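Enquirer: Before we start, here is the structure in question, set down as structure tokens.
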Amino acid sequence: MTFQSIKQVEKAQTYLDIAIKRALKHEGTKKKGTPFEKAKPREHDRIGIIRDVLCTKLYEIGKGFPVFDELSDFYKELLRVTLDYDKLKKALASLNWAQKKISELAREHKKRIKQAKNFTDLDSAKKAYLGRISSVIKQISKNLEYLEHSRRVIKDYPVIKQLFTVCISGFPNVGKTTLLSKLTTSTPEIKEYAFTTKSLNLGYAKLKNEKVQFIDTPGTLNRPDKMNNIEKQAYLAVKYQADLIVYIFDLTEPYPLKDQKRLLKRIKQFKKPVILYLSKTDLLEQGATKDFSKKAFTSVDELKKEISKKVK
Ligand SMILES: Nc1nc2c(ncn2[C@@H]2O[C@H](COP(=O)(O)OP(=O)(O)OP(=O)(O)O)[C@@H](O)[C@H]2O)c(=O)[nH]1
Ligand SMILES: [Mg+2]
């Protein structure tokens, strides 16, 4: 199972339609006898077919979602900040409830079909079954909608591996994604305007014979409750996944230096090792990096060497 492969969750009515259509295709296996004698086993079978189709579909929906307890802390908290966790759990539980209910109803109505003495009995048993089944499915329709909403959110989750991880942070437009593409083999989208990065960009490089994961973490990493989903992902990636943070200063100041310094302070609160990097030094006048040149790297190769030293 991966987050991207959860299958679309359809509307309640769609599942009902599929099940009924499948049942109606079944023409019965009894070829001899009166029309009523042939109809009875056919309707009996159809009840089972509707149950099988619905229960299989509902089971598969549930199975498509991750087992929350098995997720890493990063994904557990990501679920909690991007979705209503309790609502999602309830929605998944409702799938089990519905399967049980449908099986009970099938048993009950198969019995009624067996006891039917004429077409009127048969029809009323059929109608009663369909009515009860529809009502069960309709009762979980809101849950199905929430599962589909959740699927769409989850499908955009980054696939983060358990490797030594370097998070690249800094203000918008400072060159985070550019640095990622220079450090790794990835080819992310880079644009001249800020907030280009709409999902977490991941890249990989081999340093000291170890595969190292780089995460481009956009956003200013303010309080999690005020962030959009990408910023929340970035915040949690730094909190849970980062072994090392590369913080980028952009002295051409698309954002004031004092704000960039304030963000660095915030980043340091994660209590992870931080390396400073100055971007766009090619655009700066000579001497402009003076205050920084001792503390920050300006060359990607030197930066790479420093990261290598920290790889465990
Ligand atoms: N001259 C020069 N331009 C750079 C350098 N690094 C990045 N840029 C440019 O700065 C702009 C922003 O770069 P990105 O890498 O997209 O910046 P980002 O921090 O990922 O931006 P967001 O994703 O919007 O937060 C692009 O036009 C880059 O080409 C650099 O070292 N020198
Ligand atoms: Mg970017």
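Rule-based calculations on the coordinates, nothing more; no lab input. None of these values were measured; they are calculated from a predicted model. Cβ placement follows ideal geometry from the backbone for every residue including glycine, while neighbour counts extend to all protein chains displayed.
Enquirer: Once the Cβ-Cβ distance between Thr289 and Gln269 is put in as r, and R0 is 25 Å, what FRET efficiency do you end up with, to the nearest 0.05?
Expert: 0.45
Enquirer: Hey, what D do you get for segment 251-310 in µm²/s if you plug the Kirkwood alpha-carbon radius into Stokes-Einstein at 25 °C and 0.890 mPa s?
Expert: Stokes-Einstein gives a translational diffusion coefficient of 192 µm²/s.
Enquirer: In addition: Under a Cβ-only charge scheme (Lys and Arg +1, Asp and Glu -1), can you give me the dipole magnitude of segment 251-312 about the Cα centre, in debye to the nearest 20?
Expert: Roughly 660 debye for segment 251-312.
Enquirer: With only Lys, Arg, Asp and Glu charged, each at its Cβ (+1 for the first two, -1 for the last two), find how big the charge dipole of segment 164-310 is about the Cα centre; round to the nearest 20 debye.
Expert: 660
Enquirer: Say the dipole of the chain comes from +1 at the beta carbon of Lys and Arg and -1 at that of Asp and Glu; which of Ala237, Thr184, Val153 then lies farthest toward its positive end?
Expert: Val153
Enquirer: Separation of segment 283-312 and segment 111-156 by C-alpha centroid, Å?
Expert: Using only Cα atoms to place each centre, the spacing works out to 64 Å.
Enquirer: Which order, highest average first, do 4-13, 231-240 follow once you tally other Cβ atoms within 10 Å for each residue and take the mean per peptide?
Expert: 231-240, 4-13
Enquirer: Can you give the relative contact order of segment 164-310 as a percent, counting alpha carbon pairs under 8 Å and 6+ residues apart?
Expert: Reported as a whole number, the value is 25 percent.
Enquirer: Something else: Note down the relative contact order for segment 72-208 as a percent, whole number, built from C-alpha pairs under 8 angstrom at least six residues apart.
Expert: 20
Enquirer: Moving to a separate point now. Give me the percent relative contact order of the chain, please, defined on Cα pairs under 8 angstrom at least 6 residues apart.
Expert: 17
Enquirer: Of Lys232/Lys312; Lys161/Lys305; Lys63/Lys89; Lys280/Lys310; Lys211/Lys295; Lys208/Lys309, which pairs sit farther than 19 Å apart, going by alpha carbon to alpha carbon?
Expert: Lys232/Lys312; Lys161/Lys305; Lys280/Lys310; Lys211/Lys295
Enquirer: Quick check on the chain: of the DSSP beta bridges with both residues there, what percent are antiparallel, nearest 5%?
Expert: 30
Enquirer: Report, in whole Å, the centroid distance computed from the Cα atoms of segment 241-258 and segment 84-109.
Expert: Value for the Cα centre distance between the two parts: 49 Å.
Enquirer: Rounded to the nearest 5, what is the percent of antiparallel bridges among the DSSP beta bridges in segment 164-310?
Expert: So the antiparallel bridges amount to about 30 percent of the total.
Enquirer: Using only helices, what value at 222 nm comes out for the chain when you add -39,500 (n - 2.57) per DSSP H run of length 4 or more and divide by the total residues, to the nearest 500 deg cm²/dmol?
Expert: My calculation for the chain gives -17000 deg cm²/dmol from helical runs alone.
Enquirer: Pull out the extension gain between Gln115 and Lys21, defined as 0.36 nm times the separation in residues minus the alpha carbon to alpha carbon distance; nm, one decimal.
Expert: Net length gain for the segment: 31.3 nm.
Enquirer: Also: Quick check on the chain: what does the Kirkwood estimate of hydrodynamic radius come out to from the alpha carbon pairs, in Å?
Expert: It is 23.5 Å.
Enquirer: Amide H neighbours of Phe297 under 5 Å, at least 5 residues apart or on other chains, H built in the peptide plane: list them.
Expert: Distant-sequence amide H within range of Phe297: Leu276, Tyr277, Leu278.
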